[in-house]
Amino acid sequence: MLETLNWRGENLSTSGSWKVQYQDLNSTPQATDNLKALIRTYGFAVVTDVPVADQPIAAVETLFMRNILEFGCPVSQSAKLDFLGHVTDRGSDISNPKSRGYESSAELPFHTDRCDLLTLLCVKQAPIGGETRVVSAFAAYKQLLRTKPEQARILCEPVPFDLRDTIGSNTWAMMPVFSVETGTFVARYVRRFIEASQRFEDAPRLSDEQCKAFDSLDAILNAPGMAINLRLKPGEWLFIDNHRMLHARSQFQDDQDPAAARLLLRAWLCWSDSPELPQSFLPTYGRIAGGAYRGGVWPSPDYLPSIPSDLDLARKRIGALCP
């Protein structure tokens, strides 16, 4: 199945086979399974024609949360305990370790988030910029393995990551960029978090060889035709497998009217198809069993352990907290 993820964006851009209409998604009892099958096949999927036009934002939020609770279970995206995120420019400075990229208008390089699935529903798009780019981490790994196998090997070894208060601890952890430790491929790459680990005196220093491997990986990720570029329109809903895909965003410029500012609704999800993770992912995800409730950013280290790992039980607990 992973070989289907060995794609180039230029070959997928015109196919549309990774799209499904919202009306179709809700027309059959197997709708959720159909969407999951698309995500398993391509690593991402887009649901189109979601009714957001001329709707109060509260109504769109309700629709969004109702659907994702049927599909999976959201985790908190910050210490504010927010299961529903607003991707909009709030002037955040991404060079600040305490700031979040989704609250800025800055360009965001290819990275992964602290979840199993990332989902974004476009409510309003910026007039300039704001494209979402998705690239197969598996395809990038396979290309690096063919062209520079020693650098691919280096990226399969643990490197330090700044945890950025991932589960309440202000420290760093070691984990690989690419791993097949559990028998299936997973990726975890946020270069600015890797480089930010160097602010901790006790974190291992990054070597020249590691930095060259990051450079080679970045060159592959940004090569023409490698990623699929998605300028989400209002009513388009993107789902991304966060362990097999990397995503990026171009810088955007908002409309001068604050009421027309770019807005995407965001959720970080757990779902039943998530893979078992390497042991080294435990400091970031809190749990590593496949299909478990895990990941996210929480108000305290005690919060995630207080929620059942079973997705159905977690959904009952988290559903009561969601908007």
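The values are calculated or read from the model by the stated rules, or taken from the named source; none is laboratory data. Predicted, not measured: the structure shown is a model, and the values here were computed from it. Counting neighbours? That spans all protein chains shown, and the Cβs are built from the backbone with ideal geometry, glycine included. Only protein heavy atoms, including side chains, enter the accessible area calculation; ligands, DNA and RNA are left aside. Shrake-Rupley method; radii C 1.70, N 1.55, O 1.52, S 1.80 Å.
Checking the Cα-Cα distances for 19/212; 19/124; 124/316; 36/212; 80/142 against a 29 Å cut-off, the pairs over it are 19/212; 124/316; 36/212; 80/142. Where only DSSP H runs of four or more residues are counted, the chain gives -7500 deg cm²/dmol as its mean residue ellipticity at 222 nm, each run worth -39500 (n - 2.57).
Sorting the segments 73-81, 143-151, 13-21 by their residues' average number of neighbouring beta-carbon atoms within 10 angstrom, most packed first, yields 73-81, 143-151, 13-21.
Which of the three applies to region 175-323, rounded, prolate or oblate, going by the alpha-carbon gyration tensor with a ≥ b ≥ c and a/c under 1.5 meaning rounded? Oblate.
Surface composition of region 136-228: carbon plus sulfur atoms hold 53% of the accessible area, using a 1.4 angstrom probe and ignoring ligands, DNA and RNA.
With the convex hull of its Cα atoms as the shape, the chain has an orientation-averaged projected area of 15.8 nm².
For the chain, modelled as a GNM whose springs connect Cα atoms under 10 angstrom apart, the maximal fluctuation among 176, 109, 204 occurs at 204. Charge tally for residue 48 (other residues, Cβ to Cβ under 11 Å; Lys, Arg +1; Asp, Glu -1): -1. Using C-alpha pairs below 8 Å separated by at least 6 residues, the relative contact order for the chain is 31 percent.
For residue 229, neighbours were defined as the other residues whose beta-carbon sits under 11 Å from its Cβ, and their charges (Lys and Arg +1, Asp and Glu -1) total +1. Surface exposure of the chain, expressed per residue as accessible area with a 1.4 Å probe, stands at 42 Å².
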